[in-house]
Amino acid sequence: MSEYILEMDGINKSFNGVKVLKNVGLKIKKGEVHALVGGNGAGKSTMMKILTGVYTADSGTIRIGGEPVKFESAQDSSRYGVRMIFQELSLVPTMTVAENIFLNQKPKAKGLPIINNRQMEKKAAELLREFEIDLDPSRVVNTLGVGYCQLVEIAKALSRDAKILVLDEPTASLTEAETQILFGIVRKLKAGGVTMVYISHRMHEIFQITDSITIMRDGQHIITDNTKNFSMDSIIHHMLGSTTVEKAFKRMHRERKPSNANILEVKRLHINDKLKDVSFELKKGEVLGFAGLMGSGRTEIAEAIFGITPAKSGDIIVDHKPVKIRNVKDAIDVGIALIPEDRRRQGLVLIHTVKDNMILPVVDKLKKGLGLDKKRVENIVQSKIGELAIKTDNSNKVISLLSGGNQQKVVIAKWLEIGPKVLMMDEPTAGIDIGAKGEIIDMIRRLADQGNSFILISSELSELMAICDRIIVLKDGRITGELNGDEIPSEEVLQHAIQQ
């Protein structure tokens, strides 16, 4: 019998004549947590979609427990106990947590073709409790934040017996506390003999939770080894061919210090029953971080300032002028922009082109006669593509075909075009590779040195420490502390402040 529970040999795959996997191999032992690492476009997700039957390989072999198998559908792979938690959420938003977990396997009332909702919710509650996910199974999914939706996806996959579980960016929307819950789940499953393939752009997680690592680049296998034999530098080198990106994550001296003048003042903002007295200031040219666990109120504050869920009372002052923000248009008109947590659902129109997405906030200003001023449009789009180093064949490419990092750059570009006085960014590097993360961090630094003002919400503590001038700590809807970015010695200190 093979020592490997999973073997993929000589896997090739092309789309529209473009070869995305080139003779790739992958071998994983039973009961190990195996990281699959690479930049956006390296071929990781394509490889896993072949394993789960979403795609069919053009050539190559797959063996499960030494037995050759052929997967032509998700049902085929499911019969062998292969499950995948996709990066893109696949929940039905109008259904409850329990209904989503047991979709297509709902328990029926005895002797009747009627769904037994009570039994289903009971089983869902047991599953959630087993894996320490604090969530009401009767809640409708569209009332949940992105992080909780990700936890429901995980519970859904675990509701079916899994021999091989693929986790594609499972912590992209989770805070440190929720990530530790996930790690507890991973360890429990590993102890039970479940094999896991772990895809993540968060390098510190890979060192914390995995046994071995396979690195891919440009659709090819680069190296496989035990995790203990890698360093951060060596992983980055194998992924990108260089280690220059690591510099982006080190705190650097600001070329231009923030002004003493406030660009934004928030006073006694009453958003909901939990967020009743929110007050803070943002200086011109400052990068202000919001740190806190899921449910601390970080996103809700940003959405109130941007007019998505307007505050019930309180004052917002922009550039020394009191403003009324009743909706998103009001916020844009006074120079406030928000890059949302979920770029695919809230930040982009995925069926439209790069160009269409980029000019969306300023389309009214680009009108000429019955159409648009094509020359101005092209100048704006090409300028931003160059300025932000957006990798795309052309501006008419459908944006869903771009990598996550380049999609995020387009979201940033479209809001920069309005010339915002305050740019709020909610988890701006979630789900993108380390190279693109470094580029976005450097871009924020560059724009802040030019006098732009940012509010940065991030679950990546290293990210906050690298670029924030100040960090506000939130817990349960209250501001519990404020830290000077230059004076935070370690991630542990910031984590302790968050959890106090």
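None of the figures in this text is laboratory data; all of them are computed from the coordinates on show. None of these values were measured; they are calculated from a predicted model. Here the Cβ is made from the backbone with ideal geometry for all residues, glycine too, and neighbour counts use every protein chain on show.
Select from the range 1-85 those GluC sites (Glu not before Pro) which occupy a DSSP coil region and have at most 12 other Cβ atoms within 10 Å, ordered by residue number.
Filter output for the range 1-85: Glu3, Glu72.
Karplus couplings for the range 285-297 from phi (6.51 cos²θ - 1.76 cosθ + 1.60, θ = phi - 60°), rounded to Hz, Gly and Pro as x?
x, 9, 10, 9, x, 10, 10, x, 6, 4, x, 6, x
Normalised by the residues of the chain, what does the relative contact order come to in percent, with Cα pairs under 8 Å and at least six apart?
On the way: 981 pairs, mean separation 77.2, N = 500.
Contact order relative to length: 15 percent.
Non-local amide H neighbours of Lys312 (under 5 Å, H modeled in plane, Pro and chain starts lacking H): which ones?
His270, Ile271
What whole-number distance in Å separates the alpha-carbon centres of the range 123-175 and the range 390-461?
28 Å
What nm value, rounded to one decimal, do you get for the distance between Ser78 and Asp486 when each label is placed 7 Å out toward the C-beta?
A separation of 5.8 nm, rounded to one decimal place.
What list of ³J(HN,Hα) couplings, whole Hz, do you get for the range 456-463 from phi and the Karplus terms 6.51, -1.76, 1.60, once you set θ to phi - 60° and write x for glycine and proline?
Couplings: 10, 9, 8, 8, 8, 5, 5, 5 Hz.
Under a point spin-label approximation (7 Å from Cα along Cα-to-Cβ), what is the Phe183-Ser313 distance to one decimal in nm?
Reported label-point gap for Phe183 and Ser313 is 4.3 nm.
Among Glu303, Glu205, Glu378, Glu460, what is the fewest-to-most ranking by other Cβ atoms within 10 Å?
Numbers: Glu303 21, Glu205 17, Glu378 13, Glu460 24.
Least crowded to most crowded, the residues run Glu378, Glu205, Glu303, Glu460.
Under 1.5 on a/c is rounded, so check that first for the range 236-332, then, if it is not, pick prolate when a/b is larger than b/c and oblate when it is not; a ≥ b ≥ c are the square roots of the alpha carbon gyration tensor eigenvalues.
Taking the square roots of the gyration eigenvalues as a ≥ b ≥ c, the range 236-332 is prolate.
Run the dipole for the range 4-242 about the Cα centre, Lys and Arg Cβ at +1, Asp and Glu Cβ at -1, nothing else charged, and hand back the magnitude in debye, nearest 20.
Details: 29 positive and 26 negative charges, 143 e Å.
For this selection, approximately 680 debye.
Could you compute the FRET efficiency for Thr143 and Ser231, with r as their C-beta to C-beta distance and R0 at 41 Å, rounded to 0.05?
Computed FRET efficiency for Thr143 and Ser231: 0.45.
So how far apart, in nm, are the two label points at Gln119 and Lys276 if each is 7 Å from Cα heading toward Cβ?
Simple spin-label model gives 4.5 nm for this pair.
Within the P(r) computed for the chain, what percentage of the Cα pairs occupies the region above 39 Å? Don't skip to the answer; put the middle values down first.
Details: 33304 of 124750 pairs.
Result for the distance tail: 27 percent.
Could you give the size of the charge dipole of the range 202-341 about its Cα centre, using +1 on the Cβ of each K and R and -1 on the Cβ of each D and E, expressed in debye and rounded to the nearest 20? If you can, show how the numbers build up before the last one.
Numbers: 21 positive and 19 negative charges, 108 e Å.
It works out to roughly 520 debye.
Which length gain, in nm to one decimal place, applies between Ser400 and Arg376 when the Cα-Cα distance is subtracted from 0.36 nm times their residue separation?
Difference between extended and current length: 6.2 nm.
Does the range 167-296 classify as rounded, prolate or oblate by the C-alpha gyration tensor (a ≥ b ≥ c root eigenvalues; a/c under 1.5 gives rounded; else a/b over b/c gives prolate, otherwise oblate)?
oblate
Multiply the residue gap between Ser90 and Glu387 by 0.36 nm, knock off their C-alpha separation, and tell me the result in nm, one decimal place.
Length gained, Ser90 through Glu387: 103.5 nm.
Helix 404-416: angle to the longest alpha-carbon principal axis of the chain, degrees 0 to 90, nearest 10?
Orientation of helix 404-416: about 10 degrees from the principal axis.
Roughly how many whole Å is it from the C-alpha centroid of the range 338-365 to that of the range 273-292?
Centre-to-centre distance over Cα atoms comes out at 25 Å.
What shape does the range 4-242 have by the C-alpha gyration tensor, where a ≥ b ≥ c are the square roots of the eigenvalues, rounded means a/c under 1.5, and otherwise prolate means a/b greater than b/c and oblate the rest?
Prolate is the answer for the range 4-242, as a/c is 1.5 or above and a/b outweighs b/c.
Going down the list Lys284/Lys397; Lys324/Lys391; Lys19/Lys190; Lys123/Lys163; Lys44/Lys384, which pairs span over 27 Å between their C-alpha atoms?
Beyond 27 Å between Cα atoms: Lys284/Lys397; Lys324/Lys391; Lys19/Lys190; Lys44/Lys384.
Which residues' amide hydrogens lie under 5 Å from the amide hydrogen of Ile339, considering only partners 5 or more residues apart or on another chain, with H built in the peptide plane?
When sequence neighbours closer than 5 places are left aside, the close amide H contacts are Met424, Met425, Asp426.
Could you give me the ³J(HN,Hα) list for the range 354-366, computed from phi with Karplus coefficients 6.51, -1.76, 1.60 and θ = phi - 60°, whole Hz, x at Gly and Pro?
Ordered by residue, 3J(HN,Hα) equals 4, 4, 4, 5, 5, 9, 3, x, 10, 4, 5, 7, 9 Hz.
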